[in-house]
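One structure is given here, and the rest of the page talks about it.
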Amino acid sequence: MEPKKTPNTVAKLNRILSKVRRRRVTTIDVVLDLIDEFGHVAIQALDALEEGRAYRIRFGRAYNVSFFVGNRDYYIILPETGYCGCISKYAVGAVERSLCYHFIAFKLMESLGIVKELSFEKRDFRWVIDELKYKKIDMDI
Ligand SMILES: [Zn+2]
């Protein structure tokens, strides 16, 4: 099945994940709904649960930034909008593109309650982003 387009797919994703949010587990009916709606991208997202990491990092009172950190890179996620930073790397059809697996994986982790929350001072923004980018530090603190 062809993946569908944003932004109404964010609402569909939220609807499917409402069961996960209630139960804090991923069940087979949720997996089947995700695959039915998003096809192979859903399978990639489920695979990414194993190796990926999701973060919500607060910088002082000013910034609250969400990330999905995959094997090769990290991506800024805007959870309410369907935006993932990988759009800058794969810009073809950017306006009408489908949700990527980073975004679906982040939302799944958010629904499971396993997004790691970290806080830093606002002045730490640059180095934290650099550390995330190059994975120099273990953010599992
Ligand atoms: Zn992405």
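The values are calculated or read from the model by the stated rules, or taken from the named source; none is laboratory data. Since the model is a prediction, treat every value here as computed from it, not as a measurement. Every residue, glycine as well, gets a Cβ built from its backbone with ideal geometry; the counts of neighbours run over all protein chains shown.
Below are the figures for this structure:
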{"quantity": "Which listed residue is in contact with a strand residue (DSSP E or B) (Cβ under 7 Å, 6 or more places away or on another chain) and modelled with pLDDT of 90 or more, from GLU96, GLU117", "calculated": "GLU117"}
{"quantity": "Residue in region 38-47 that is under 19 Å from SER98 (Cα atoms), at pLDDT 95 or above and acidic (Asp, Glu) present", "calculated": "no"}
{"quantity": "Condition check for ASP33: within 14 Å of the chain's Cα centre (by Cα) and over 12 Å from VAL115 (Cβ atoms)", "calculated": "no"}
{"quantity": "Subset of region 113-133 (residues that are part of a helix (DSSP H, G or I) and charged (D, E, K, R))", "calculated": "LYS122, ARG123, ASP124, ARG126, ASP130, GLU131, LYS133"}
{"quantity": "Test: SER111 is in contact with a Pro (Cβ under 8 Å, 6 or more places away or on another chain) and modelled with pLDDT of 80 or more", "calculated": "no"}
{"quantity": "Cβ pairs under 6 Å, 6+ apart, first in region 65-82 and more than 17 Å from GLU117 (Cβ to Cβ) and at pLDDT below 85, second surrounded by 19 or more Cβ atoms within 10 Å (Cβ to Cβ) and not polar (S, T, N, Q)", "calculated": "GLY70/GLY52"}
